[in-house]
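Chemist: Quick one: structure below, then a few questions.
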Amino acid sequence: MRGPAVVDDGSGLRIGTVVVVLVVLALVAGAAFVYLGRTGAVTPDTALPAPVFVEETMTSGIDHAYAGGFEFFVGGGVATFDCNDDGRSDLFLAGGSNAATLYVNESPVGGDLRFSPISNPVTDLEAVLGAYPIDVDSDGYLDLAVLRLGENVMLRGLGDCRFERANEVWSVDGGEEWTAAFSAKWESGNTLPTLAFGNYLDWPVDREQAASCADNALLRPGGARYESATALLPGWCTLSVLFADWDRSGGRDLRVANDRHYYVDGSEQMWRIRAGEEPRLYTEADGWNDIQLWGMGLASQDVTGDGYPEFFITSQGDNKLQTLEEGAEQPDYGDIAIRRGVTAHRPFLGDDVLPSTAWHPEFQDVNNDGFLDLFITKGNVEAMPEYAMADPNNLLLGQPDGTFEENAAVAGVASLARSRGAAVHDFNLDGLLDILVVNRIENVQVWRNLGSGGSSKPAEIGNWIAIQLTQPGTNPDAISSWIEVEIGELVVVREVTIGGGHAGDQIGWLHFGLGESGKAVVRVTWPDGGVDEYFDVAANSFATLERGQSVEYWTPSFP
């Protein structure tokens, strides 16, 4: 089992093991069941104020910028993952023309955010646009898919934040493309995951000719190694891809966000990618509606509470929040960004009224009130005069009615740097989500979440749980699982994915705000469709849910 070991107190009991008494009534044999242990949770009904963030960039130990010329205007991601099994999430930061850097997390619990660089020729790669953590070989050590201008590199985790090149071992042809996007899923019967790489412009670019978009690539395994890549064409200058179970069928198709700046007749895309089938694009005959965006980043989350994921797509100008039309059995999506208040199409402060340029989107609950919030990084591509130059990041706080309200300035995270990738994550394990942003040319920025600003847990910031999923054998991090978290009558549903964002993603503790509730009731649907019973999880705790086992709690204890 990955993650911190469960403590044994010498009594023969594992500390943190919840003895769950399930009282199950069979209403109809083989049909419905009722779990009678869901009382005691308080349904969130009030949005809490924005937390106070303090910038700790100067004291964080991080000295790193994403730099370079035209070829590094896009990208600039961060992979967030635990590479030494201490429970704290470490960082792999893309550098562009600078070397990428691996940083180990040394933050004390509830204290200042602190990181130390680890220099090694294996990880200090140049021409890196982004990276994604994933346990490719299911050995319990997280690996890295490193996206580059030129050959993509697969780094195999060896433990203790050590890595080795694995392209040859796994037979992964890294290609010579301009790669900015990645996603992965496990298909039935395979021990290795299916990998999708999203490529931008054909490289090298002939600046005297019209630029053309590169095709994307799908790698499927044949046993313990990968077969030749399958081209996903046409490619329309892709900047984000994400495998997601859009219809809850278990199929997990590939959403693709494309940059219309370089194409004429292209569009956003979704590929049907199912086990035993050749990939094919969804078309109008399938219910798919073509739209053209300056697609920069992707995030999926059930925003409407109907059990299906919505897709947030960042762009230049207004961003899109796509929802499956009611009753649709095909990928027929409509846009609800305006009614939900998440278009974020212009700077919300200052005098610059030109359209925004948005990059990394991430749904999280930064004030622990039980309502999803949305963080969006912003920043001019370089010097595009038709778009805003002073373009602050957005922190949109979710409200009980399903809308969002801007609070980045109040929270203290409205940076005017040219931001790219980001991670909203609890780096110091105090139950409050912190924020790290990769900037172009300027240093990475780090903000610590202080709740209401006090030194102890503030009353007006809600309770929380952090969950880590694990299963034996293949895909130990249970990528493509669904987690249902019941907080009284409110149900938060999240799919565990790898991909999306802008050039980076995270594997680690999955955070859920609870408001005033002292517990949550959690159920997991595993990647193969198997469903666990409901478990009570106590508020303000780190809980590991291993498939077929009871809940195990873990308490961080870093000085």
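Chemist: Once you wrap a convex hull around the alpha carbon atoms of the stretch 437-559, what is its projected area averaged over all directions, in nm²?
Modeler: Approximately 10.1 nm², given one-decimal rounding.
Chemist: Using r as the Cβ-Cβ distance of Arg225 and Thr555, and R0 as 41 Å, what FRET efficiency do you calculate, to the nearest 0.05?
Modeler: Efficiency, rounded to the nearest 0.05: 0.50.
Chemist: If each residue of separation counts as 0.36 nm, what is the full-extension length gain between Thr191 and Asp45 once their alpha-carbon separation is subtracted?
Modeler: Full-extension gain reported as 48.2 nm.
Chemist: Over the stretch 173-260, with every protein chain in place, what whole percent of the accessible area is carbon and sulfur at 1.4 Å, could you tell me?
Modeler: Here carbon and sulfur together make up 44 percent of the probe-accessible area.
Chemist: Quote to one decimal, in nm, the extra length available between Asp85 and Glu164 on full extension: 0.36 nm per residue of separation minus the C-alpha distance between them.
Modeler: 26.7 nm is the gain from fully extending Asp85 to Glu164.
Chemist: Using a basic spin-label model with each label point 7 Å from the Cα along Cα→Cβ, how many nm lie between Asp63 and Met389?
Modeler: Taking the simple label geometry, Asp63 and Met389 are separated by 3.0 nm.
Chemist: Go ahead and run the numbers for FRET between Thr474 and Glu533, Cβ-Cβ distance against an R0 of 22 Å, rounding to 0.05.
Modeler: 0.45
Chemist: Going through the stretch 399-472, which trypsin sites (Lys or Arg not before Pro) have at most 11 other Cβ atoms within 10 Å and a DSSP loop state?
Modeler: The qualifying sites: there are none.
Chemist: Further question: Show that you can apply the helix-only estimate: for the chain, add -39,500 (n - 2.57) for every DSSP H stretch of four or more residues, divide by all residues, and state [θ] at 222 nm to the nearest 500.
Modeler: Computed ellipticity for the chain at 222 nm equals -500 deg cm²/dmol.
Chemist: When the convex hull of the Cα atoms of the stretch 197-339 is projected onto a plane and the area is averaged over all directions, what value comes out in nm²?
Modeler: Quarter of the Cα hull surface area: 10.0 nm².
Chemist: Now for a separate question. Place a label point 7 angstrom from the Cα of Leu281 along the Cα-to-Cβ direction, then list the residues of the stretch 190-228 whose backbone nitrogen is under 18 Å away.
Modeler: The answer is 197-202, 212-218, whose backbone nitrogens lie closer than 18 Å to the label point.
Chemist: For the stretch 523-538, take each phi angle, set θ = phi - 60°, evaluate the Karplus expression 6.51 cos²θ - 1.76 cosθ + 1.60, and give the result in whole Hz per residue in order, putting x for glycine and proline.
Modeler: For the stretch 523-538, the Karplus curve yields 9, 10, 9, 7, x, 8, x, x, 10, 7, 5, 6, 10, 7, 10, 5 Hz.
Chemist: Could I ask something else about it? Search the structure for amide H atoms under 5 Å from the amide H of Cys213, placed 1.01 Å from N in the peptide plane, and list their residues when 5 or more places away or on another chain.
Modeler: Close amide H contacts, sequence-distant or interchain: Asp202.
Chemist: So what's the Cα pair-distance distribution over the chain, bin width 20 Å, in %?
Modeler: Spelled out per bin, shortest first, that is 23, 60, 17, 0.
Chemist: How much length would be gained if the chain were fully extended between Asp124 and Val109, taking 0.36 nm per residue of separation minus their Cα-Cα distance, in nm to one decimal?
Modeler: 2.5 nm
Chemist: Follow-up. Would you list His64, His261 from the most to the least accessible area, probe 1.4 Å?
Modeler: His261, His64
Chemist: Tell me which chymotrypsin sites (Phe, Trp or Tyr not before Pro) from the stretch 191-274 have a DSSP coil assignment and no more than 15 other beta carbons within 10 Å of their own.
Modeler: none
Chemist: Rounded to whole Hz and in sequence order, give me ³J(HN,Hα) for the stretch 140-154 from the Karplus expression 6.51 cos²θ - 1.76 cosθ + 1.60, θ = phi - 60°, writing x for Gly and Pro.
Modeler: Result, rounded to whole Hz: x, 10, 6, 9, 10, 9, 9, 8, 9, 7, x, 6, 6, 10, 9.
Chemist: For the stretch 168-238, state which trypsin sites (Lys or Arg not before Pro) are in a DSSP loop and have at most 16 other beta carbons lying within 10 Å of their beta carbon.
Modeler: Hits after loop and neighbour filter: Arg207.
Chemist: For the stretch 60-136, what are Rg and Dmax over the alpha carbons, in angstrom?
Modeler: Every Cα atom of the stretch 60-136 included, Rg and Dmax give 12.9, 40 Å.
Chemist: Looking at Gly140, Pro49, Thr101, which one has the Cα that reaches farthest to the positive end of the dipole of the stretch 27-162 (charges on Cβ: Lys, Arg +1; Asp, Glu -1)?
Modeler: It is Pro49.
Chemist: In addition: Roughly how much of Asp426 is accessible, in Å² to the nearest 10, using a 1.4 Å probe?
Modeler: Asp426 exposes around 20 Å² with every protein chain in place.
Chemist: If you don't mind, another one. FRET efficiency for Asp401 and Glu208, Cβ-Cβ distance as r, R0 = 56 Å, nearest 0.05?
Modeler: According to the calculation, E is roughly 0.55.
Chemist: A further question on this structure: Apply the Karplus curve 6.51 cos²θ - 1.76 cosθ + 1.60, θ = phi - 60°, to the phi angles in the stretch 211-220 and return the couplings in whole Hz, x for Gly and Pro.
Modeler: 5, 10, 7, 7, 7, 8, 9, 10, 10, 10
Chemist: For Arg114, list long-range residues whose amide hydrogen, built 1.01 Å from N in the peptide plane, is under 5 Å from its own amide hydrogen.
Modeler: It is Glu106, Ser107, by chain and number.
Chemist: Ok, one more. Mind listing the long-range amide H neighbours of Ala422? Cut-off is under 5 Å, sequence gap 5 or more, other chains count too, H placed in the peptide plane at 1.01 Å from N.
Modeler: Residues meeting the amide H criterion: Val78, Val438, His502.
The values are calculated or read from the model by the stated rules, or taken from the named source; none is laboratory data. Predicted, not measured: the structure shown is a model, and the values here were computed from it. A quick note on method: Cβ atoms are made from the backbone with ideal geometry, for glycine too, and the neighbour counts reach across all protein chains shown. SASA here: full protein model, heavy atoms, side chains in, ligands and nucleic acids out. Shrake-Rupley method; radii C 1.70, N 1.55, O 1.52, S 1.80 Å.
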